[in-house]
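Please read the structure below before turning to the comments.
The values are calculated or read from the model by the stated rules, or taken from the named source; none is laboratory data. Note that the structure is a prediction, hence the values are computed from the model and not measured. When we count neighbours, we look across all protein chains shown, and the Cβ atoms used for this are built from the backbone with ideal geometry, even at glycine. Accessible surface is based on the protein model in full, side chains and every heavy atom, while ligands, DNA and RNA are left aside. Shrake-Rupley method; radii C 1.70, N 1.55, O 1.52, S 1.80 Å.
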Amino acid sequence: HKAGAKSVLGSLWSVGDQNTLGLMSGFYASLRTAPIKAEALRQAQLAMLHGEVRFDGSDIVLGDDSRYPLDETTLANFQGQSDLTHPFAWSAFTMIGSPW
């Protein structure tokens with residue numbers, strides 16, 4: 001709050017980098033059209049649950065089939081990609097503060 005942030009997106013437990021990357025990619029994509037941040041988070045979580053946010057080769061792919069390439073360092077850290085549909089990958093994230 002001292003920094004002026006009206007809301008914070010956090011996780012309730014430690015979540016792997018690949019899961020966080022998937023969630024944040026979906027969140028920022030949803031934020032373009034969602035009326036409030038809390039709704040953008042919900043849409044991102046549902047997209048992960050339904051397999052609409054996924055890793056494909058060297059890219060992360062969102063539900064609208066937009067692809068974002070991952071750099072070599074990120075790819076090296078993501079050996080054995082996780083299942084982003086599993087609730088552990090997306091359910092820890094929550095919006096704290098103002099949902100707008």
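For this structure, a couple of remarks:
- Those residues of region 66-100 which are under 15 Å from the mean Cα position of the chain (by Cα) and in a helix (DSSP H, G or I), in sequence order: Pro87, Phe88, Ala89, Trp90
- Exclusive hit being open to solvent by less than 30 Å² (accessible area, probe 1.4 Å) and modelled with pLDDT under 85, set Phe78, Phe93: Phe78
Okay, residues lined up against (1) polar (S, T, N, Q); (2) surrounded by fewer than 17 Cβ atoms within 10 Å (Cβ to Cβ); (3) touching a Ser or Thr at 6+ places or on another chain (Cβ under 7 Å); (4) assigned to a loop (DSSP other than H, G, I, E, B):
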residue: Leu21; (1), (2), (3), (4): no, no, no, no
residue: Ser30; (1), (2), (3), (4): yes, no, no, no
residue: Glu39; (1), (2), (3), (4): no, yes, no, no
residue: Phe55; (1), (2), (3), (4): no, no, no, no
residue: Asp64; (1), (2), (3), (4): no, yes, no, yes
